[in-house]
Structure formats: structure tokens, C-alpha cells
Amino acid sequence: MTRLSAAFARGPALVTFVTAGDPFATATPAILDALVAGGADVIELGMPFTDPMADGPAIQAANIRSLGAGTTTADILGIAKDFRERHPDVPLVLMGYANPMLRRGPAWFAAACAGAGVDGVICVDIPPEEDDALGPELRAKGVAPIRLATPTTDAARLPAVLDGASGFLYYVSVAGITGLQQAAQSSIEDAVARLKAATDVPVAVGFGVRTPDQAAAIARVADGVVVGSAIVELVAQHGADAAEPVRAYIATLKTAINKAAS
């Protein structure tokens, strides 16, 4: 059993996202520790990029702050490696865009992820039909290529999305950018039922989840709940002092998810 499969086996997983290096690289470890202390089951660590086309204003701004502070891929891998030493059992996923991942070649990136103890990778802008390099290299190193499904992923395309997917399937519940809106619960329930009928890979739902009530509602039907922009906004508000506000917020979400699952 992998760290990811173990996390989802325990019940609906709280999957959290922060941007690496926001507001600067040395602040990120304390924020990651706060996520764990609050009850996060899986952590997505965003790799900052100059053109984060799937992201809304909050995460775009976080990318700018991180890059402005000089965050590099080497910094991110170092943060990941140190996290793994502090938290040997908590899954860590890198999330980002193809350019930083492929700049030195997919084999290099996959090996670097494995060496840093990364459990999975979400690459937003490589369609599964074109994933003939990064996905195979990740799988060869024991790193899960985590795929995205959306409201427009129809029955004809879904097999391509699921082919080679592992770790979990990230269902992007709205056709848009992060943080600005949430899908109707009924549409989430219908989509999750359709996806779970097609795969044994856990299905986690994100985009627009902010409140404990929203997280609880999703936890009743999905294998995981993804929260990102709301956490990134706390980091923007509190900067280097964000750890405690982040921990407290995550605890409210985890409590609601646990109640929903009981």
C-alpha cells in the first residue's frame, strides 16, 4: 500500500494545496507542518509558474510572490525532501505546469521527485493523450501520475484520462479557474457517481471548496475533498505568520469531514 492509497483508505481525505515559496521558500515548511497539524491527509505543493492558466487570482498572486522571492525547482525539491524527513507517512504531491517539470527532461524530473519522497505529480497542461513521456517516467520511478477530470470529460474521453492514472483522480468540479465558484452539489454527486463507476482510483473533488459545510457535503459522496485557494488566501493575508491561521482553518475542515463520514 502506498502513502496515497493508505490516506484514502482511512476515509474521505482532506487534500490541501499551497504554493511552494509563498511568501518565500523558508516560510513554506512551517505552513506545510501546519497543514499536517490541522489534519490534512494529502498535501499538494504547487510549483510556481509564470503563466498558471488554470488558476484564479489568489493562486496567480501566490505564484508571482514566490517567483519574485526567487523560488527555484531546486528549492521546491529541497522543501519536499525535508518534509518527507519530518512526516514520513503523509502523502506529498507536486502540482504545476509542464514547463518547469520538463525543462531538464521527464526522466530527470521523475528521478528528482522519487529522490525527494514525492508521492504523485499533477501536471495541469499535459493532456493524457499527449502524455507519452512524463507519465511513463513517473510510473517507472514509483511516482503516481494524477489525472484531472472535468465536467466536460465525456464518456468518449474518460478512458484516455483514466489510462495510467493512479494515486487519485482529481475532479475539477467547475469549467473555469480555481477559487472563484463552486459547482452545485447535485452536479458533483452525479459526476462522482459516473467517475466511480468507471475506476477504482479514489475520486477527490476540488475547485471552489471553502467552508466546512461544503467540504462535508462533498465528503459524503467523494473519496476526497481538495481545498486550495482559501488556504493560499490565508498565506497572502498573514505571510510568514500564516502557520497558525492555516492550522486552525484546516482543523475546521477536517472536523466537518470526519462528522460527515461518521
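Some observations on this one:
- In the chain, the portion of solvent-accessible area held by carbon and sulfur atoms comes to 54 percent [1.4 Å probe, whole percent, DNA, RNA and ligands not counted].
- In order along segment 244-260, the Karplus-derived 3J(HN,Hα) couplings, from 6.51 cos²θ - 1.76 cosθ + 1.60 at θ = phi - 60°, round to 5, x, 5, 4, 5, 5, 4, 4, 5, 5, 5, 4, 5, 5, 5, 5, 5 Hz, and Gly and Pro are given as x.
- The gain in end-to-end length when the ASP213 to ARG194 segment is fully stretched comes to 4.5 nm, 0.36 nm per residue minus the alpha carbon separation.
- Shape category assigned to segment 114-259 from the gyration tensor of Cα positions, a/c cut at 1.5: oblate
- Extension gain, THR2 back to ASP132 (0.36 nm per residue minus Cα-Cα distance, nm): 44.4 nm
- Within the listed set SER173, SER66, SER186, the Gaussian network model of the chain (springs between alpha-carbon atoms below 10 Å) gives the highest mean-square fluctuation for SER186.
- Of PRO212, PRO145, PRO23, the one that fluctuates the most in a GNM where the chain has Cα springs shorter than 10 Å: PRO212
- Pairs of alpha carbons in segment 1-52 separated by more than 12 Å make up 67% of all such pairs.
- Extension gain for ALA54-ALA37 works out to 3.3 nm (0.36 nm per residue, less the C-alpha to C-alpha distance).
- Relative contact order %, the chain, counting alpha carbon pairs below 8 Å whose residues are six or more apart: 24 percent
- Whether segment 59-113 is rounded, prolate or oblate, judged on the alpha carbon gyration tensor where a/c under 1.5 counts as rounded: oblate
- Computed from label points 7 Å out along Cα-Cβ, the spacing between ARG103 and ALA156 is 3.8 nm.
- Couplings 3J(HN,Hα) for segment 13-19, derived from phi with the Karplus relation 6.51 cos²θ - 1.76 cosθ + 1.60 (θ = phi - 60°), are 8, 8, 9, 10, 10, 9, 8 Hz, where x marks Gly and Pro.
- Residue-normalised accessible area of segment 117-179, given per residue in Å² at a 1.4 Å probe: 39 Å²
The values are calculated or read from the model by the stated rules, or taken from the named source; none is laboratory data. What you are looking at is a predicted structure, and each value in this text was computed from that prediction instead of being measured. Every residue, glycine as well, gets a Cβ built from its backbone with ideal geometry; the counts of neighbours run over all protein chains shown. We work out accessible area using only protein heavy atoms, side chains counted, and drop any ligands, DNA or RNA first. Shrake-Rupley method; radii C 1.70, N 1.55, O 1.52, S 1.80 Å.
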